Amino acid sequence: MDDHLRFDPAKDPRVKSIIRKLQGGRARSDREVAPLFPGFPFDVRLVAGITPIERNGPLDFCIDRPQGMRGWIINLTVDGHGRVFDGAESFVVEPGDLLLFPPKAVHYYGREASASRWWHRWIYFQPRAYWAKWLEWEKQVRDVNILRRKGDDFFEEVFRLFVEVEQLSMLTDTLSIDLAFNRLESILLSCARMDDAALMKNSPIDSRVLAACALISADLQRSLGIREVADHVCLSPSRLSHLFRRHVGMGIVQWRDSQRIQYAMQLLRVTSVPIKSLSQMVGYDDPLYFSRVFRHHTGFSPRSFRVRSMEASPSPALREREG
Ligand code: FCB
């Protein structure tokens, strides 16, 4: 392990358990290690893990996803060295370096040939709408955002948050997934704060847009019209629509749908409320329309989403399909 680190990634009991399983040959069928092998569907809203690649070990292959993924990935090197891409564009990552892959960006990475290991933590996620501004860093190679190590304190803090996201994402109560998202938001904010380009772009979100978001989220079940929301924040509907799109990166209705679907995923995962009632609970009177919107966002019907979530139990990871 890197000498000047004040923590050891291998001390984490979960990491120890993963390593034991990998060494014992218990792999693809095991929930903890399955995501580390090709073929895992990544049909989740958030899943986090660590990939401890050792030279000639079971994970010592190149992660190769030419079409990228449906969601985002943030990746933190915690030990050893990795190489991303091949040919002229390839580059090496070392402990403390962060990579951020947008959907569809090519994934092609593995242990750097001269290194004995490459351990990296990663989080696969579907971002919240207002995160858009923090998801583009200054340095990029083929759409992959790169943030080089910013000192021990920052590394340690981000490392801790990665571990917390992973722990929280394994719990089954309704609020844990929100806590995991909260920690992930801290990671992205901290990265944006360290990144000059993101910092410059990062003018605060307009308070009226925030007030509109708060009003909508306070009662997702209610179908407020744009005029009502605009009145509430003392803007004209067209001014609000314009500001909203500028600050949030999508329209109000689209944003509300994405919030409703995230809530629906949570309810499907942790309750047995019938889908008809559930669609009303999240704001859709017409269950068929709800199913359409749900499928559009997740790639699954609500029913098959629930079945798949149950199969994956006890993980609370909320299912969404990799593209
Ligand atoms: C694992 C990889 C890891 C990350 C996740 C999404 O298989 O080891 O780097 O790409 O998938």
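Every read-out reported here was derived from the displayed coordinates using simple, explicitly stated rules and does not represent laboratory data. All values derive from a computational prediction rather than experimental measurement. Note that we place each Cβ from the backbone using ideal geometry, even for glycine, and neighbour counts take in every protein chain shown.
Between the stretch 249-276 and the stretch 34-79, the alpha-carbon centres lie 27 Å apart.
Relative to the longest principal axis of the Cα atoms of the chain, helix 174-194 runs at roughly 70 degrees. Dividing the Cα radius of gyration of the stretch 19-122 by its Kirkwood radius returns 0.94 for Rg/Rh.
Please label the shape of the stretch 207-322 as rounded, prolate or oblate, based on the square roots a ≥ b ≥ c of the eigenvalues of the alpha-carbon gyration tensor (a/c under 1.5 means rounded; beyond that, a/b larger than b/c means prolate, else oblate). Kindly include the intermediate steps, with their values, before the conclusion.
On the way: a/c = 2.52, a/b = 2.11, b/c = 1.19.
Taking the square roots of the gyration eigenvalues as a ≥ b ≥ c, the stretch 207-322 is prolate.
Going from the residue with the fewest nearby Cβ atoms within 10 Å to the one with the most, Thr174, Thr77 rank Thr174, Thr77.
Let me know the shape class of the stretch 9-200, please: from the alpha-carbon gyration tensor, a ≥ b ≥ c as square roots of the eigenvalues, rounded when a/c is under 1.5, otherwise prolate if a/b is greater than b/c, or oblate. In terms of gyration-tensor shape, rounded. A straight line joining the Cα centroids of the stretch 109-124 and the stretch 159-238 runs 31 Å.
Normalising by the residue count of the chain, find the relative contact order in percent from Cα pairs under 8 Å and 6+ residues apart.
Values: 529 pairs, mean separation 57.7, N = 323.
Worked out over the chain, it gives 18 percent.
Using a ≥ b ≥ c from the Cα gyration tensor of the stretch 145-254 (square roots of the eigenvalues), is it rounded, prolate or oblate, where a/c under 1.5 gives rounded and otherwise the larger of a/b and b/c decides, a/b for prolate? It is oblate, given that a/c is not under 1.5 and a/b is not larger than b/c. Of the trypsin sites (Lys or Arg not before Pro) found in the stretch 173-243, those that fall in a DSSP loop while having at most 13 other beta-carbon atoms within 10 Å are Arg222.
Loop exposure criterion: chymotrypsin sites (Phe, Trp or Tyr not before Pro), DSSP state outside H, G, I, E and B, at most 15 other Cβ atoms within 10 Å. Applied to the chain, the longest stretch between such sites is 86-323.
Taking the chain as the region of interest, the number of lysine pairs whose Cα atoms are within less than 16 Å, with members eight or more places apart or on different chains, is 4.
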